[in-house]
Amino acid sequence: MKQEKKITMAHGSGGRATSDLIREIFAREFTNPVLDAMEDAAVVPGSGKIAFTTDSFVVEPLEFPGGDIGRLSVCGTVNDLLMRGAVPKYLTCGFVLQEGLDLELLQRIVASLAATAREAGVAVVAGDTKVVEGNGGLIINTAGVGFVPENVCISAANCQVGDVILVSGHLGDHHAAILSRRMGIYNTIESDCAPLGEMVGALLEAGIRVHCLRDITRGGLGTVLKELAEASQVTMAIEEEFLPIDAQVRDFCGLMGLDPLYMGNEGKLVAFVAPEDADRACEILSGCVYGKHAAVIGTVTDEEPGSAYVNTAIGGKRVLDVLFGEGLPRIC
């Protein structure tokens, strides 16, 4: 008898199972040149270049240290637009409210969403609300539109040999904050949930030669580096000793047996810039509100196209691949 395949939590991890699901079901049916590029946001022709993206948010709990599902739903969508060099302008918001949802909680979340939209410089121009049976939960879908300047070409396929790799701050904060809250572990770790517009705008305004940007979300930095190595057919080489990790998060990882390289963030990016611009780019990121712990972590080489690795603190080499299985469900 043929065994039926079912959706598992691993399909929402941002790792191998997610990629397989997208490729085998969604991409196969919806295939077109824009979608097939599998970028964070689609750049399409129109009045100039338009970037468009959509995302759904199912994080649990709905409120967490450093943010909530409302703030997250703006940051996640706006940041995807920014990773293509777009200037975000408009959002739509769809709310799926489960019966029993506390109205005061909903009010706080909507207020947070609105405040974050203002911070990010975007307007919520359309929306929809549905109520379904359930246990008091909430799902938010957002779609975003931004405009790409004519001289900007930032893409997952643009990483170049010699590029310097930078991250904008501590790894794993959002993942650690969510898991701590769920497990009732007391610490002061907060989610890094934040819009990245100031960083991207500052880099571009300074004339930094930015070849690729990617926000570090589900699957963590390890997954991002492997995916970009494959997209650009280059090798990503990073140094473990240069990775910025908050001391509390490092201790939490040691306690829980977690790897910061595969933990999600919601307010960090990895940037690939021309080597001549690396120091200036790091200085610019460090001067931004959400980038004070920015660091140079590695370089792009041509040793083994499509691969990624980290040089460990003890002198070894650890190969990086996409996350396999589920790291932490309902993280965004």
* Asked: Which ones in region 278-291 are surrounded by 13 or more Cβ atoms within 10 Å (Cβ to Cβ) and in contact (Cβ under 8 Å) with a residue 24 or more places away in the chain?
  -> 278, 280, 281, 282, 284, 285, 287, 288, 290, 291
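Results for (1) outside the structural domain of residue 311 (by TED's automatic domain parsing); (2) surrounded by fewer than 24 Cβ atoms within 10 Å (Cβ to Cβ); (3) touching a helix residue (DSSP H, G or I) at 6+ places or on another chain (Cβ under 7 Å), shown as yes or no for each residue.
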site	(1), (2), (3)
215	no, yes, yes
221	no, no, yes
233	no, yes, no
251	no, yes, no
276	no, yes, no
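Residues checked against (1) over 22 Å from residue 191 (Cα atoms); (2) modelled with pLDDT under 80:
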{"residue": "3", "(1), (2)": "yes, yes"}
{"residue": "19", "(1), (2)": "yes, no"}
{"residue": "23", "(1), (2)": "yes, no"}
{"residue": "41", "(1), (2)": "yes, yes"}
{"residue": "56", "(1), (2)": "no, no"}
{"residue": "63", "(1), (2)": "no, no"}
{"residue": "66", "(1), (2)": "no, no"}
{"residue": "72", "(1), (2)": "no, no"}
* Asked: Here are some conditions: (1) farther than 25 Å from residue 42 by Cβ; (2) in contact (Cβ under 8 Å) with a residue 60 or more places away in the chain; (3) out of contact with any strand residue (DSSP E or B) (no Cβ under 8 Å at 6 or more places or on another chain); (4) not in a loop (DSSP other than H, G, I, E, B). Residue 198 meets all but one. Which one does it not meet?
  -> (1)
* To do: Report yes if some residue within region 318-328 is over 23 Å from residue 18 (Cβ atoms) and either in a loop (DSSP other than H, G, I, E, B) or in contact (Cβ under 8 Å) with a residue 60 or more places away in the chain (or both); otherwise report no.
  => no
* Asked: For residues in region 202-212 being part of a helix (DSSP H, G or I) and in contact (Cβ under 8 Å) with a residue 12 or more places away in the chain, which is surrounded by the most Cβ atoms within 10 Å (Cβ to Cβ)?
  -> 203
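Looking only at residues that are outside any loop (DSSP other than H, G, I, E, B) and touching a Pro at 6+ places or on another chain (Cβ under 9 Å) in region 35-60, which one is nearest to residue 176 (Cα to Cα)?
51
May I ask you to list the residues in region 180-195 that are out of contact with any Asp or Glu (no Cβ under 8 Å at 6 or more places or on another chain), of a type in the set (Gly, Ala, Ser) and either surrounded by 13 or more Cβ atoms within 10 Å (Cβ to Cβ) or closer than 17 Å to residue 332 by Cα (or both)?
At the first step, the residues of region 180-195 found to be out of contact with any Asp or Glu (no Cβ under 8 Å at 6 or more places or on another chain) are 180-181, 183-188.
Checking which are of a type in the set (Gly, Ala, Ser) leaves us with 180, 184.
180 - this is the single residue of region 180-195 that is out of contact with any Asp or Glu (no Cβ under 8 Å at 6 or more places or on another chain), of a type in the set (Gly, Ala, Ser) and either surrounded by 13 or more Cβ atoms within 10 Å (Cβ to Cβ) or closer than 17 Å to residue 332 by Cα (or both).
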* Output yes when any residue across region 136-159 is loosely packed, with under 15 Cβ neighbours inside 10 Å, in a strand (DSSP E or B) and of a type in the set (Gly, Ala, Ser), and no when none is. => no
* Go through region 33-69 and count every residue that is touching a Ser or Thr at 6+ places or on another chain (Cβ under 6 Å) and among the small types (Gly, Ala, Ser). => 3
* Which one of the conditions (1) within 19 Å of the chain's Cα centre (by Cα); (2) within 16 Å of residue 332 (Cβ to Cβ) does residue 96 fail to meet, given that it meets all the rest? -> (1)
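The values are calculated or read from the model by the stated rules, or taken from the named source; none is laboratory data. Quantities reported herein were computed from a predicted structural model and do not represent experimental measurements. Glycine also receives a Cβ, built like all others from the backbone with ideal geometry; neighbour counts cover every protein chain displayed.
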